[in-house]
Amino acid sequence: MIAITLPDGSVKHFDAGVTPMDVAKNISEGFARNVISASFNKETIETGTPLMTDGSLILYTWNNDEGKKAFWHSSAHILAQALEELYPGIKLTIGPAIENGFYYDVDFGEHNITEKDLKEVEDKMLELARGKHEFSLREASKAEALDYYRNQGNEYKVELIENLEDGTITFCDHSTFTDLCRGGHIPNTGIIKAIKLMNIAGAYWRGDEKNKQLTRIYGISFPKQKDLTEYLQLLEEAKKRDHRKLGRELELFTFSQKVGQGLPLWLPKGAALRERLENFLKKAQKKAGYEMVVTPHIGQKELYVTSGHYAKYGADSFQPIKTPSEGEEFLLKPMNCPHHCEIFNSKAWSYKDLPKRFAEFGTVYRYEQSGELHGLTRVRGFTQDDAHIFCTPDQLDAEFKNVIDLVLYVFGSLGFENFSTQVSLRDPNTPEKYIGSLENWEKAEKAIINATESKGLDYKIEYGEAAFYGPKLDFMVKDAIGRSWQLGTIQVDYNLPERFELEYKGSDNEMHRPVMIHRAPFGSMERFIAILLEHTGGNFPLWLTPAQVTILSLSEKYEIYSQKVLNLLENDEIRALVDNRNETIGKKIRDAEMNKIPYMLIVGEQEEKDGTVSVRKHGEGDLGVMTLEAFSALIQQGVKNEMIEFNV
Ligand SMILES: [Zn+2]
Ligand SMILES: [Zn+2]
């Protein structure tokens, strides 16, 4: 008998040789029908693999990421099989599961494939899937595996196998198809009910442009047709909200090949939006006891050698800048923390001075490969809404609560209602991996959990996910169409105070090391604005949006009155503009709707005579005639309703 431990901690006994699917059936037949993959002692296995020892078994369904991975990995095999049947003689290379679906990189040789052909491949895949073929994994010797692909003339698989160790090589067979594969499949192909091949792209073998260019086919598959339909609808919606498209349409930011990839250029409207966001946070931070600091965009290489950033990222990032002086080297600032540590070091502190909270909208530069760059979410230069708190271990609890309050204030005022948090702690089994005393770690971990709990946040704990220098709390927000984005982080750090020899005099008159907290509620201005654009679809909250109001004159005759309305609104600090173009009112309204301006004021003869405006709301239509005072009050109330209270 072997003992199988399930995720809920229960232990069941079975004869050796029992398979994960047998265990699933033992739990319930209904559950077993949904099980599509499994892991044993943290290793991915097949649902039909016989279990021979005691261990921990996890059974996955479509609702788990691991289940989806097995589903899409298996779908890639079917794609390869379909391609081989339709295009004999092609050479298969690699075909992994990815975040959303799977792809296969293929050398099509003499064949030519275009997106028009994908439908035929999809149909072939569905036909093959319907055969309910089981996947079975078999071991092969290195010689045998090399032989198999040498006979096919597939130099790609031969190269892959040459880099594998004998005794670790497995093949996967299903139906008439065989592929080199490490395993992790669904029980049979019949579970795959809906398939969509998304697009074709070029990809170099092993990602190296010196190598041959292959054809990459991307696809996604689902256990139900309905899931595919919903996914395609979501993609459509996401396309409309793509921040790169909206950023262009709303004239917020641009990129220039001449300036350089991944270096955003903020246009006047975008810069104004950023400024409002910064001011909003600055005001809250001031209230919460932060002090603004400013540090340069570069620092001596030695600074980052001290901080450890150079050892970790130096080789793969922007290279040092040399000066005419021999041996002098500077680095573009990858993080603000080392600079802030030196600000702390500029003065002697007593425990009575702490906590010190230094904040900076600090621009940092990190090298990203050009293929990794994406709009504003992956860039090479960005501005963090950064701050570092230096405190005593006993102050951690209160500081953590304050930071959480600030983060919740930011989310609330920007309309992010759904979010979750993750607390990342040490792996208790490997204490040697972490810097800092056990006592301090316990204090810090307790402080994070206490603070998170006392704020009523929904959180999950991940053991072993903490950085070596301290535990952290991450915020993930769900946007309006259900996608999750990682936003702000609060991170405890015992490492940098050590490396920079930070000190304060304690009540015992001895010198002590402060604890450092890194925190950035937005993450970065670039990433945050991108997510806000995708969340709101460009319909920013009234308090933040570039123009709150546009005044549309019925004809040139009302230009003077339009100007008067504008001046009165500006006196009330309402952001307005006038559209006096010689266009029809219908066209002016359409353009204002396109630019997502929340309110339109139509002015003509009657309005001028009565000193009123006709109000239209974006996406809603006519709100009727109002006096200017009433309209101004409406905007001010609207802004007030959006901004939650920030009490510290
Ligand atoms: Zn496989
Ligand atoms: Zn930092």
**Study point:** Pairwise centroid distance, computed over Cα atoms, of region 30-103 with region 520-564, Å
**Key:** 47
Check your understanding: Which angle between 0 and 90 degrees, to the nearest 10, do you get for helix 396-413 versus the longest principal axis of the chain when only C-alpha atoms count?
Key -> 80
Check your understanding: Per-residue HN-Hα couplings for region 28-39, Karplus 6.51 cos²θ - 1.76 cosθ + 1.60 at θ = phi - 60°, whole Hz, x for Gly and Pro?
Key -> 5, 4, x, 4, 4, 4, 8, 6, 10, 7, 8, 10
Revision key, fill the gap. Counting sequence-distant residues (5 or more places) and residues on other chains, those with an amide H built under 5 Å from that of ARG380 are LEU263
**Study point:** Loop GluC sites (Glu not before Pro), region 512-619, which have at most 11 other Cβ atoms in a 10 Å radius of their Cβ (DSSP)
**Key:** GLU573
Practice item. Please list, or write none, the aspartates and glutamates whose alpha carbon is within less than 14 Å of the alpha carbon of LYS286, excluding same-chain residues fewer than 8 places away. Key: GLU278, GLU360, ASP385, ASP386, ASP405
Check your understanding: With the Cα gyration tensor of region 450-594 giving a ≥ b ≥ c as the square roots of its eigenvalues, does the rule (a/c under 1.5 for rounded; else a/b larger than b/c for prolate; else oblate) give rounded, prolate or oblate?
Key -> prolate
Check your understanding: Using modelled amide H (1.01 Å from N, peptide plane; none on Pro or chain starts), what sits under 5 Å from the amide H of ILE551, excluding residues fewer than 5 places away?
Key -> LEU577, VAL578, ASP579, LEU601
Practice item. Check the straight Cα-Cα distances from LYS640 and name the lysines below 16 Å, setting aside those fewer than 8 residues away within the same chain. Key: LYS283
**Study point:** Lysine pairs within region 49-155, Cα separation less than 27 Å, 8 or more sequence positions apart or different chains
**Key:** 17
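Nothing charged except the Cβ atoms of Lys and Arg (+1) and of Asp and Glu (-1): what's the magnitude of the dipole of region 118-171 about its Cα centre? Round to the nearest 20 debye.
Dipole of region 118-171, to the nearest 20 debye: 240 debye.
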Review point. Alpha carbon centre of region 231-298 versus region 593-648: separation in Å?
Key: 26
**Study point:** Backbone HN-Hα couplings from phi across region 89-104 [Karplus 6.51/-1.76/1.60, Hz, Gly and Pro as x]
**Key:** x, 5, 10, 7, 10, 10, x, x, 7, 10, 4, 10, x, 7, 9, 9
Revision key, fill the gap. In whole angstrom, the spacing between the Cα centers of region 406-470 and region 327-400 equals 19
Check your understanding: Do any cysteines of the chain lack a neighbour Cys whose Cβ is under 4.7 Å away, and which are they?
Key -> CYS337, CYS341, CYS391
Review point. Reachable lysines from LYS240, Cα under 17 Å, same-chain residues fewer than 8 places away excluded?
Key: LYS596
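None of the figures in this text is laboratory data; all of them are computed from the coordinates on show. Every value quoted in this text rests on a predicted model; they were computed, and no experiment measured them. Here the Cβ is made from the backbone with ideal geometry for all residues, glycine too, and neighbour counts use every protein chain on show.
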